[in-house]
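Read through the structure below, which is laid out as structure tokens, and then see the notes.
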Amino acid sequence: MTGETSCPPQTIGVGASASPNPHFSLWIRQDKLLYLALFGSCDPEARSVMSPTDTSCDAWLALQRAFSNRSRSRAMSLKERLSSISKGTSSISCFMQSIRFIADELALIGHPLDDLDLVIHTLNGLRPSFREIVASVRTRNSPILFNAVSYTHL
């Protein structure tokens, strides 16, 4: 699928002594299975991008060309949402779920955030009434994990 292993020749030998290459049919079968698995896991828009391609590698490259810019744009949009998120009047649970949702979306498109970034965004989104908790988390000697902030301190 990555193009690392090229398709073996269709026949072995030359001229009249040529015979079918069993590795060729195995390679084609495996490639078609990969293609179908990829095709089946995509939405209709991605399927339309894949449909003119013949191999799983070609399909993957077509998808990459078609959606890589959207992924970058999506990452920027999600990071912007994360940097401006605030608890406001929502419950702590909803606030934390919103942050987790954005973090999961970023991870899905290849832009995962580490726990420190998640904790910082969480603390920055809290109202001034949480300043004592924010100060205690910021001044800890040991790092705190995002899930620990959500369940232990808030």
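A few notes on this one:
- Residues in the range 57-87 that are under 27 Å from Thr2 (Cα atoms) and among the hydroxyl-bearing types (Ser, Thr, Tyr) were compared, and the one that is modelled with the highest pLDDT is Ser73.
- Test: residue in the range 104-118 that is in a helix (DSSP H, G or I), in contact (Cβ under 8 Å) with a residue 60 or more places away in the chain and open to solvent by less than 60 Å² (accessible area, probe 1.4 Å): no
- Search result, residues across the range 62-82 that are aliphatic (A, V, I, L, M) and under 26 Å from Leu113 (Cα atoms): Leu63, Ala66, Ala75, Met76, Leu78, Leu82
- Members of the range 78-103 that are more than 14 Å from Arg127 (Cβ to Cβ), surrounded by fewer than 16 Cβ atoms within 10 Å (Cβ to Cβ) and among the small types (Gly, Ala, Ser): Ser83, Ser84, Ser93
- Restricting Ala46, Ala75, Ala66, Ala59 to those that are under 30 Å from Trp27 (Cα atoms) and either surrounded by fewer than 17 Cβ atoms within 10 Å (Cβ to Cβ) or not small (Gly, Ala, Ser) (or both) reduces the list to Ala66.
- Lone unmet requirement of (1) aliphatic (A, V, I, L, M); (2) open to solvent by 80 Å² or more (accessible area, probe 1.4 Å); (3) modelled with pLDDT under 90 for Ala18: (2)
- When residues of the range 122-137 are limited to those that are within 19 Å of Gln97 (Cα to Cα) and of a type in the set (S, T, N, Q), the one most open to solvent (accessible area, probe 1.4 Å): Asn124
The values are calculated or read from the model by the stated rules, or taken from the named source; none is laboratory data. In this text, all values refer to a predicted model and were calculated from it rather than measured experimentally. Virtual Cβ from ideal backbone geometry, glycine too; neighbours counted across all protein chains shown. What goes into the accessible areas is simple: the full protein's heavy atoms, side chains included, and nothing from ligands, DNA or RNA. Shrake-Rupley method; radii C 1.70, N 1.55, O 1.52, S 1.80 Å.
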